[in-house]
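The values are calculated or read from the model by the stated rules, or taken from the named source; none is laboratory data. Just so it is clear, the structure is predicted and the values come from calculations on it, not from any experiment. Glycine gets a Cβ as well: all are built from the backbone with ideal geometry, and neighbour counts include every protein chain shown.
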Amino acid sequence: MKKSLTLILSIIILITSKYTYAQGDRFGTLQKVKPFAIKTNTLNYIFNTPNVYLEYSLSDRHSVQVCYANFNQGWYINSENSGNMFTLEYRTYRPARRSRNRLYYAPYVRFQNLFVDGDGGVLQINQPGLGFLLGKEYRLVGDWLYLDAHLGINYIRAKYKIISQDNPNIAPNPQIPFTIYDLGARVGLSLTYRLGAINGSKTK
């Protein structure tokens, strides 16, 4: 887990280090920017789930965002779980130009792969899904530290199967494998570190 997060952060730092802040002209307009943001959802740590987001601004209104989260043991009762989650979002901000607080909406796709170690063995759960998100970004400090609050829904297709059993003499559960379809909620409160203003926005 730690190696995966370290690798991802190293790649982010390597990419963003190639961009430099542009000097503003007398009107305070940036000629060249670093359209990156690094985030982490603070609520996920309640469930022992480290996560990192990378957002890349396509324009002053639109951006794409990718997320990686690593599930750790602890949030299934009497079991241990591990796994990974990847999310891809396409965001649209309103108003377009950088302001102190901005609303946004974002459709997204997500894939989760979980391994649950319970009393009888290890259960694998594959969960591809898609959803829609509404949120608001609040400026906290200058033009670099923000709070991102969002709420959304997601539709998942979860496939369960047993990949190992503790006692091979016990017959496997005839109800597994199986697939369920479900609606869920997505809630987040992310700290955001922005590396530069959107192209054409004011520095004020």
Residues (of a type in the set (S, T, N, Q), surrounded by 12 or more Cβ atoms within 10 Å (Cβ to Cβ) and at pLDDT below 90) located in segment 143-192 | S164, Q165, N173
Selection within segment 38-76 - among the aromatic types (F, W, Y), within 16 Å of N113 (Cα to Cα) and modelled with pLDDT of 85 or more | Y68
If you take the residues in segment 176-193 that are over 20 Å from A69 (Cα atoms), in a strand (DSSP E or B) and not aliphatic (A, V, I, L, M), which one is farthest from the chain's Cα centre (by Cα)?
-> F178
